[in-house]
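Since the structure comes first, as structure tokens, the remarks are kept for the end.
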Amino acid sequence: MKKHIAIDLGASNGRVLVGDLSSFEVVHRFVTHNDQILGEFYWNIQGLFSEIKVGLRKAFALYGDAIASIGIDTWGVDYVLTDAKGSLVSLCYHYRDSRTDGLIEEVAQKLGGKMRIYEQTGIAFQPFNTLYQLRAMQRDRPQTLAAAAHYLSVPDLLAYWLTGVMSNERSHASTTQLYDPRTGTWAWKLIDELGLDRSLFSPIVDSGTVLGPLTVEVSHEVGAPASVVVIATAAHDTASAVAAVPSAEGETPLYISSGTWSLLGVELETPRMDEQALQSGFTNEVAASGKIRFLKNIMGMWIQQECVRHWEKEEGTEIAWKTLDEQTIACASYQGWIDPTDQRFLKPNTHGNLMVDRINSWCDEHGIGRPASKGEYMVAIYRGLAKAYAKAIKDLESVLETKFSSLYIIGGGCKNEILDQWTAAETGLTVYAGPVEATALGNLIVQAWAAGGISSLQEGRDQIRAQGMVKVFRP
């Protein structure tokens, strides 16, 4: 069986993997670096591309002609603009940059209200959506925007740098709040009314589209055979992860893709773009299959990660996750919790505005005793996440007029067995935790399907389920 390379970039780290649905190997890991420059927050996109090429060299040195294709997935909403010849006209902003603060209401007023935007895009209102990022550039850097000829999402750009082919992959385009999931095209009315040039946006390609071979230069640099192609996999990492939910054919699984974010939802045949869905905070993004990922964005392990980063910097030593788990269990009697959906938890640590301080302020405002130790901070975060999951599931059941009896938790966050068990207890659902490497597996599933190695996406799910990569947690 041919092997595939999955390039999986998360908000904290990136990996280059080689394998198939039965086994794979991580050949290169790296930090997805970002920087604050003069008060603004950017991705080091060229550094990420360099790390990807390091991983590709390692992959081809190990497996050579056995590799058939390469696919890239990343977080959503972020993008670059290029000129007519494909050169960057600006740095790549990070979705946590503050330039979009306050723009939701401004843009909603300009475009006829939130419901009108939701009726055309089905996307929940988050300040980091591409819609508001482009509006901020229009306001703050109009000359830069005027110089742009092409919009490319982060995975679109990386694929372009590998192949010389520009395209906009569908699952990622659907995160922008500039895409219409009913028509499968860009939301042209909103784009026109925002004053953006239609020519910025390329034709949208489906997950599984073969983009083409590597450029001669890249092929030579990484030692790849001429037969290797780049495939537009499910380029949004959540779309890749959901492709690997180990559900049976005909099942409509309730899932949480758990990592820096927690994405909770189901797959639907058609979008839900009504008032109830809007008020419940659900979003309509496109799945690898072309179906709709009807889900809610909930802050995930980001809050935990920022606390740990602060403590490690303060103490000058690495904190072992096993030790932190032991401290959390020892503090389980602490009854504090936070609401992870509160927007104060979105931003990274800065001098004078640490995540631990924001947790303290939330507890103060709600009459809850502040955490007094690392373990208690973790309890507050995990219990808050479990409560947020339970509320989102109730909202989802109300919108869809259905009841769920089980929940799949996939992705790196499912390794947190404390949260898995507390989620089962808080929701009253049986939790199936795994696979841990759902995003990479989903990336590989789409590539295998595009290359003819499997006959359907469901066959990929069936193979994962048969391998038993799941732990069960009962209420």
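Derivation of every value follows stated rules applied to the coordinates shown; laboratory data play no part. As the structure is a prediction and not an experimental result, all values here were calculated from the model. All Cβ positions, even for glycine, are placed from backbone atoms using ideal geometry, and neighbour counts span all protein chains on display.
Here's the list of lysines a cross-link from residue 391 could span, going by alpha-carbon distance under 27 Å and ignoring same-chain residues fewer than 8 apart: 114, 291, 296, 347, 374, 403, 415, 471. Taking every alpha-carbon pair within the range 192-311, the share separated by more than 26 Å comes to 45 percent.
Near residue 132, once Lys and Arg are set to +1 and Asp and Glu to -1 for all other residues with Cβ below 11 Å from its Cβ, the sum equals -1. Under a model in which nothing but the beta-carbon of Lys, Arg (+1) and Asp, Glu (-1) is charged, the chain shows a dipole of about 100 debye around its Cα centre.
Is it possible to state the helix-based mean residue ellipticity at 222 nm for the chain, with each DSSP H run of 4+ residues giving -39500 (n - 2.57), the sum divided by total residues, to the nearest 500 deg cm²/dmol? What is it? My calculation for the chain gives -11500 deg cm²/dmol from helical runs alone. Modelled spin labels at residue 83 and residue 220, positioned 7 Å past Cα toward Cβ, are 2.5 nm from each other. Along the axis of the charge dipole computed for the range 56-177 (Cβ charges of +1 for Lys and Arg, -1 for Asp and Glu, origin at the Cα centre), the listed residues 129, 82, 62 are led at the positive end by 82. For residue 185, what is the net charge nearby, where nearby means another residue's Cβ is under 12 Å from its Cβ and Lys, Arg count +1, Asp, Glu -1? Net charge around residue 185: +3. Counting 0.36 nm for each residue step from residue 199 to residue 31 and taking away their Cα separation leaves a gain of 57.1 nm. With only Cα atoms counted, the range 236-475 has Rg and Dmax values of 18.4, 58 Å.
Averaging 1/r across all pairs of distinct Cα atoms in the range 150-250 and inverting the result yields a Kirkwood radius of 15.0 Å.
What net charge is computed for the residues neighbouring residue 25, neighbours being all others with C-beta under 14 Å from the C-beta of residue 25, Lys and Arg scored +1, Asp and Glu -1? So the surrounding residues net to +1. For the range 3-235, the Cα-based Rg and Dmax, in that order, read 18.1, 55 Å. Going from the fewest other Cβ atoms within 10 Å to the most, the residues 100, 74 appear in the order 100, 74.
For percent of Cα pairs over 33 Å apart, the candidate list reads [x] 35; [y] 40; [z] 66; the entry that matches the value derived from this model is [x]. Excluding the site residues themselves, the longest part of the chain lacking any trypsin sites (Lys or Arg not before Pro) in a DSSP loop with at most 12 other Cβ atoms within 10 Å is 86-402.
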